[in-house]
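Here the structure comes first, spelled out in structure tokens, and everything after it is commentary.
Quick note: the coordinates plus some simple rules give every number you see, no bench work behind them. Note that the structure is predicted; figures quoted are calculated from it, not measured. Every residue, glycine as well, gets a Cβ built from its backbone with ideal geometry; the counts of neighbours run over all protein chains shown.
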Ligand SMILES: Cc1cc2nc3c(=O)[nH]c(=O)nc-3n(C[C@H](O)[C@H](O)[C@H](O)COP(=O)(O)O)c2cc1C
């Protein structure tokens, strides 16, 4: 998929088909996160693929079913201090775009119960979960090429360009 089309056609997918992701697709998603750049290349983040602790972790996000019904759920763990939040966002978006390129939808999930989640995942005191990203094939197969990039942009529920982009 063209990278720009992938970016502009990406919408959150919260309802997932009951279909596993091939292991090579999972690997590509995780590699996309791992190779993402970070401040001073510190790579102050790690990714926890939620397996046996999935349902417990799902109780700690705002919309538990996003996580509990996903084919893959990845907790992005960062330090309590420092600029790693930006780095986590970069990694998350790259993972979601790599997934989208494979026809896999995704959604970021904010953390509602941070302390409980930290205990569940046995994080170090210095760590926290920035977000849990849920992934899965959309119930209806995705077809980003059904629209042009311009059409995806026109259809997006976003503030107007001139409100968001200013010049100084
Ligand atoms: C940091 C962050 C946290 C989010 N948390 C949630 C969440 O807890 N639950 C959810 O369903 N969507 C969550 N989202 C997804 C946003 O609701 C979504 O990006 C926004 O509504 C745009 O959706 P669209 O691209 O499908 O138009 C989150 C997004 C971000 C960036």
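Can you tell me the relative contact order of the stretch 3-164? Whole percent, Cα pairs under 8 Å, sequence separation 6 or more.
34
Here the peptides 137-146, 157-166, 75-84 are ranked by packing, the mean other Cβ count within 10 Å, and the order with the highest first is 75-84, 137-146, 157-166. Put a dot 7 Å past the Cα of residue 166, heading toward its Cβ, do the same for residue 141, and the two dots end up 4.6 nm apart. Taking each residue as 0.36 nm, the span from residue 19 to residue 59 lengthens on full extension beyond its C-alpha to C-alpha distance by 12.2 nm. Summarising the label geometry, the points placed 7 Å from Cα in the beta-carbon direction at residue 27 and residue 7 lie 2.9 nm from one another. Each distinct pair of alpha carbons in the chain adds a 1/r term; the inverse of their mean, the Kirkwood radius, is 16.8 Å. Length available on full extension from residue 81 to residue 122: 0.36 nm per residue minus the Cα-Cα distance, which gives 13.0 nm.
Taken as Cα centroids, the stretch 1-54 and the stretch 90-168 sit 9 Å apart, rounded to the nearest whole angstrom. The C-alpha atoms of the chain define a longest principal axis, and helix 84-101 lies at about 50 degrees to it.
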